[in-house]
Every structure is written in structure tokens, then in C-alpha cells.
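For reference, the structure discussed in these notes is given below.
The values are calculated or read from the model by the stated rules, or taken from the named source; none is laboratory data. Small disclaimer: the values here were computed from a predicted structure and weren't measured. When we count neighbours, we look across all protein chains shown, and the Cβ atoms used for this are built from the backbone with ideal geometry, even at glycine. Remember, those area values only see protein heavy atoms, side chains included, never the ligands or the DNA or RNA. Shrake-Rupley method; radii C 1.70, N 1.55, O 1.52, S 1.80 Å.
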Number of protein chains: 2
Amino acid sequence: MENCIRECADKNQLNRCAESLEEISLEIQQIASILNIAGNEVRLKIFHLLNEEQEMCPCDLSDVLQMTVPAISQHLKKMKTAKLLFSEKRSQTIYYSINYEESKILLPMLESLKQVSV
Amino acid sequence: MENCIRECADKNQLNRCAESLEEISLEIQQIASILNIAGNEVRLKIFHLLNEEQEMCPCDLSDVLQMTVPAISQHLKKMKTAKLLFSEKRSQTIYYSINYEESKILLPMLESLKQVSV
DNA sequence: TCTTTATTTAAGTAATTGCTTAAATACAAT
DNA sequence: ATTGTATTTAAGCAATTACTTAAATAAAGA
């Protein structure tokens, strides 16, 4: 079911495009999922704060971001589930930090945010 | 209304964080909005295709992505509204292309997707 | 053991997303 | 003028998102 009936439609181009997409479909999926998680103001702020402070707990983040603890906890869970964060429990407190290996495509942005405040 | 009553909560750190966020609040907003748009499989595919092919029309994209034309059109509108795309009408056809200036934070990802298929 | 503190989980909800189909718009060609 | 092609816009809808409040879990300290 083609939508383009134009003469000028370049069948070779369309085939090339379809093949290219198939080759990278896995990467596209992974990157889209990371960008989707980072494409939220609260979560991007969390990334930035963890990038500056190394590690923070939900309750400190809730103070800084002026949001309820459960709201923060749900954002952290989403980031953790995607393996973008590590967490480490020390007594009652859980410290979250960035998994830089999994988050590497976000690094340029985080670095640029660091620059701003200098 | 502080949530952290912990002794170990470092007030200086929390103040520093709050200030940092305020300084970059505009950048955070802008970047989050771009990542939000790119953090969708269909739109990321459109970015990738436009990056490889220079320009494409909604109807070719609809063929390649196997989606209805209105569905594609709505994605393009969202990207165009955010100024991430240019559009140029030549007779009946509208050609979309990437506004690289506004999309520059996405470039590293687009480049890495290009590498994959080599 | 009982209370406090830090955190997560669950349930409910309003807003947003991304599609669908149908209709509207705009331009070209006959 | 009329038909065909490319595109957008609109309305409707199911699924998802991001919060809320309340309850559950877990560890520490009195």
C-alpha cells in the first residue's frame, strides 16, 4: 500500500531507507527509550543534579526539586529500571548515582549544562 | 516543607543544588523539550532518515515507515513547531529537512546511527 | 518492643499522547 | 471547470503519563 504515486518518487531511495531502518532498528529503539526518559524536565534535573553531586537520596531530591517524595521515587524507579541509574543502600538511605556507561549518549548534554553555571 | 530531617543532610549542598537548577532552568526546559520530541521511535526514525537523505516528503516517509500519512504529518508538525525541521513547498510536495542549528544536541546520536549502518 | 525515618508501592485521576477515519485545503493537469 | 494528488486539520478514542494521597516495607534508635 504505497501512498506516493508520484512519478518523481525514487524507488531506490525508498528501498535504501527501509533497509537502513531495519539495520538500526534495535539502536533506534534503545536510543529513543533513553531520550524519552531524559526528555522530561524533572528527570533531566535529576540527571543534572546527580552529575554534579555524584549521588543523592530521594528525600534530598524532593527538597531540591520541591516535589513530593513519592513523585521523585517514581521518576527514580523509571530511570533505574532503564539501568540509567545505580542505587546503593546505606542504612535507611538509598543513594542514587548515574550509570555513565548506559547513559553515555546523554553526556554531551549534561556537560553542556555544567558549562552554563560556570 | 523539608522532607529530609536527617542530621547528615547537607544544607549547603541542598542550597547549591537549588541555585544551580535556577541558573539553568531555561536550558533544562529547552533540552528536555527537544529530547522529548526525539524520544519517540517514529520521530527518531524521521530524524535519521532526514539526516541521511537531506530531505523527504510526508508521503515518502509514510511509505518507508509503513504508517498513514496523517500520522506522519502530525509527527512532522510537532517537530516543525519546535523548529527542529525546515519545510519547503515545491509544487504540491512539501520537503522536510533538519534544522541542524536547533537540533545540534541531537547530532551525536544521529551520527552514531549513521555509523551503525556502515 | 515501639516509634521514627526513608523509601516504595498502590490506587485513583486529570492531562497528554499517538493513533484512526473523515473532511478540508491547495495545487496541477487534463 | 473538474479531477487527481499531496498534505493538513479535526474529532474521537485507547493507552500512557505524572501527579496525588494513603498504605506498606525496612532499618535505627529510644
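Observations on the model:
- Inter-copy separations for B:LYS11, label at 7 Å along Cα-Cβ, nm, ascending: 7.6
- Relative contact order of chain B, taken over Cα pairs closer than 8 Å and 6 or more residues apart, is 22 percent.
- Label-to-label distances for B:ILE105 across copies, nearest first, come out at 1.5 nm, using points 7 Å from Cα in the beta-carbon direction.
- Evaluating kT/(6 pi eta Rh) at 37 °C and 0.692 mPa s, with the Kirkwood radius of chain B over Cα pairs in the Stokes-Einstein relation, gives 197 µm² s⁻¹.
- Pairs of alpha carbons in the protein assembly as shown separated by more than 21 Å make up 60% of all such pairs.
- The long axis of helix B:25-38 is offset from the longest Cα principal axis of chain B by roughly 40 degrees.
- Counting only heavy atoms of the protein chains and using a 1.4 Å probe, B:MET79 has close to 0 Å² of accessible surface.
- Largest to smallest accessible area among A:ARG90, A:ARG43 [probe 1.4 Å]: A:ARG90, A:ARG43
- Accessible area of B:LEU21 (1.4 Å probe, protein heavy atoms only, ligands and nucleic acids ignored): about 20 Å².
- Prolate/oblate/rounded label for segment A:48-101 (Cα gyration tensor, a/c 1.5): rounded
- For the protein assembly as shown, the dipole from Cβ point charges (+1 on Lys and Arg, -1 on Asp and Glu) about the Cα centre works out to 460 debye, to the nearest 20.
- Using alpha-carbon coordinates, inclination of helix A:41-53 to the longest axis of chain A, degrees: 60 degrees
- What the phi angles of segment A:55-63 give under the Karplus curve with 6.51, -1.76 and 1.60, with θ = phi - 60°, is a coupling list of 8, 8, 9, x, 6, 5, 4, 5, 5 Hz, glycine and proline written as x.
- Annotation for A:THR68, label-to-label distances across the other copies: 3.7 nm (shortest first, one decimal, point 7 Å from Cα along Cα→Cβ).
- Chain A: calculated mean residue ellipticity at 222 nm from DSSP helix runs of at least 4, using -39500 (n - 2.57): -18500 deg cm²/dmol
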